[in-house]
Amino acid sequence: MISLDVIALMVALWASYAIRLSVWTPALTSERLILAAFAPVVAIPIFIRLGLYRSVIRYLPEAAIWTIIRAMLIATMSWVIIIFLMEMAGQGIVPRSVPFLYFILGTLMIGGMRFAAKWILVSGTGLRRDEEPTFIYGAGPAAAQLARALRGHGNRYVMGLIDDDPTNQGRDIGGYRVFPSSDLPSLIDRYGITEIVLSMSSIPMEKRQAVLGRVTGLGVKVRSLPDISDLVDGRYIVSQIREIEIDELLGRSFVPADTDLLDQALAGKIVMVTGAGGSIGSELCRLIIRRKPEKLILFEASEYALYRIEQELLTASNNLVVPVLGSVTDAKTVERAIRTHNVQVLYHAAAHKHVPLVEANVLEGIRNNVFGTLTVATTAAQQNVESFVLISSDKAVRPTNVMGATKRWAELVVRQMAIEARTKPKKQVFCAVRFGNVIGSNGSVVPLFKQQIAKGGPVTITDPDMTRYFMAIPEAAELIVQAGALSAGGDVFLLDMGEPVRIGDLAENMIRLAGFNVRDANNPDSGIAIEVIGKRPGEKLFEELFYDRNNAQLTRHPKIMRADSTAIANYDIAAWLEKLEQAISDEDEAQARTLLFALISEDEIVSHPVEYG
């Protein structure tokens, strides 16, 4: 670069004399040769001092032009001083316009070479074979920054920006043309676009939904730029362009967590999570460790799951995490973990949750979900645990499968513990939190659909008209903790899951977001097919969160409601548990199933007489 700058300065000086004297070959006198030699001798040290050789040309910012102008101005003024000294010594006269022309031409050549080199390095001669033509949806500052960040990096080649604002359309922002969204189909065909990156993190959810509706089904992949709050919280690395989260597609509104409730429940407390390696359990652990508990006990039956979550949490805190390997049905292990660490808050997330698997393994499902909950709750009561929160399910409402029935039994066990706790002098709170599917959990339909789409299909669904409630795992974890902090004992909290989602629509939207078309009667030759395989044993067509939504009571949190518990069935649950335990001991699956649903039927009829006549 120094060599090129020397040549550029000499050419600029020759051009200055040529322009001033109107000749192509100015006379080469000794004075002019001496002055020509002094020009780069003076300029190069100044360029070095001002950092012109420290910049990497590929990443040279536009603002560098001002540094180049300043460096050339100082170099010219220093050269003029030398001219003045030579004239005083009688060594010839330099026309006054030559330094002025030298400054202008030198600036153009020094700056022009650098920015021309940058343009060649960044853009090359056009689109490379390995580059994917991309549009950015949005024309704000974040979109312009993203376009600059992608320029010359990775395999994305930004062809332009898309915006719905007419005032931006047709303009150039950051060197990229802004097109209207109505032109997207023709633009995709014209430029061979393979991906659209959404840069709209600050716009309302309703508008995002409208945009997603326009871009899905165009046969291109859709990605999203992380929100600036996600970058600050460390949820994404700065350069990451993430996939569209399915909760964005479902249009769920997000309510920020009440930090007072989170701190009230967790800060400075000794907390234990059963099922700590599962989807909900592990997310609860991540949330808990961020709220600075005194200690976090991870209770998990799976060795690998326990190792994985322990290693992840140890990066956040070395001294707070205690792993305990054991089953919730093992009373001695549970009692030792709670007693040894003086647990104050316990979140019971351990359960068998996969409906078909529990349906095929009834005795184990009952043993783990019902008697595991009984073991942990009884031990918590004996060891004076301050707060016990059961993670329940929407499948516990009018259950048609064993998994849902066991969850309802678990709710009844916890409610009984809450009633007994009211007679004790020391306050103990027992409650349950009921919600639907969490997106991306182990065994959930969403990761299954993703795997099937990645393999080219088909996407298998049990019934396209089946509906389910969905919630993001981090949101569910935050709401669980906040609900526990709101409990007065004996509560069943219901999380607002929004509107139920039709599974057929979910499958179609996920296929389109992945950049594929849905193969159907209208498009039989390409895309990914959706295959209906029929309902599995015990599956319901519609899930419910409430026995009666009108009787749900509001709490201080808009996403958390309390089920009406004024009508409580008066029966001896201990006797029912004894009979169920006997059926398990006898390995009588038919009797166990009969007892499982018999108690629930009695409880529903007594507790909800209006609905059951």
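The values are calculated or read from the model by the stated rules, or taken from the named source; none is laboratory data. Every value quoted in this text rests on a predicted model; they were computed, and no experiment measured them. Positions of Cβ are backbone-derived with ideal geometry, glycine not excepted, and every protein chain shown enters the neighbour counts.
Within the stretch 158-170, being more than 20 Å from A210 (Cβ to Cβ) and free of Cβ contacts under 8 Å to residues at least 12 places away in the same chain holds for one residue alone: G170. Residues of the stretch 500-519 that are assigned to a strand (DSSP E or B) and either within 16 Å of D463 (Cα to Cα) or aromatic (F, W, Y) (or both): V501, R502. Out of K424, K395, one residue alone is in the same structural domain as W576 (by TED's automatic domain parsing) and either in a helix (DSSP H, G or I) or in contact with an Asp or Glu (Cβ under 8 Å, 6 or more places away or on another chain) (or both). It is K395. The set of residues in the stretch 351-383 being out of contact with any Lys or Arg (no Cβ under 6 Å at 6 or more places or on another chain), of a type in the set (S, T, N, Q) and touching a residue at least 12 places away in the same chain (Cβ under 8 Å) consists of N368, N369, T373, T375, T378, T379, Q382. Note on the stretch 295-313: residues that are at pLDDT 90 or above and either closer than 14 Å to V271 by Cβ or aliphatic (A, V, I, L, M) (or both) amount to 9. Of the residues making up the stretch 1-26, those that are of a type in the set (V, I, T) and over 21 Å from L52 (Cβ atoms) number 3. Cβ-Cβ distances below 7 Å connect the following pairs, each with a first residue in the stretch 293-316 that is under 9 Å from G277 (Cβ atoms), a second residue that is among the charged types (D, E, K, R) and not in a helix (DSSP H, G or I), and a separation of six or more residues or different chains: L306/E300. The combined condition, being buried (at least 20 other Cβ atoms within 10 Å of the Cβ) and modelled with pLDDT under 90, is not fulfilled by A380. Does the stretch 100-110 include one or more residues that are touching a helix residue (DSSP H, G or I) at 6+ places or on another chain (Cβ under 9 Å), over 22 Å from S22 (Cβ atoms) and in a helix (DSSP H, G or I)? Among the residues of the stretch 100-110, at least one is touching a helix residue (DSSP H, G or I) at 6+ places or on another chain (Cβ under 9 Å), over 22 Å from S22 (Cβ atoms) and in a helix (DSSP H, G or I), which makes the answer yes.
For A27, the conditions (1) among the small types (G, A, S); (2) over 30 Å from A149 (Cα atoms); (3) surrounded by 13 or more Cβ atoms within 10 Å (Cβ to Cβ) are fulfilled apart from (3). The set of residues in the stretch 99-155 that are at pLDDT below 75 and hydroxyl-bearing (S, T, Y) comprises S123, T125.
Scanning the stretch 23-51 for residues that are touching a Phe, Trp or Tyr at 6+ places or on another chain (Cβ under 6 Å) and more than 14 Å from D5 (Cα to Cα) gives a single hit, P26.
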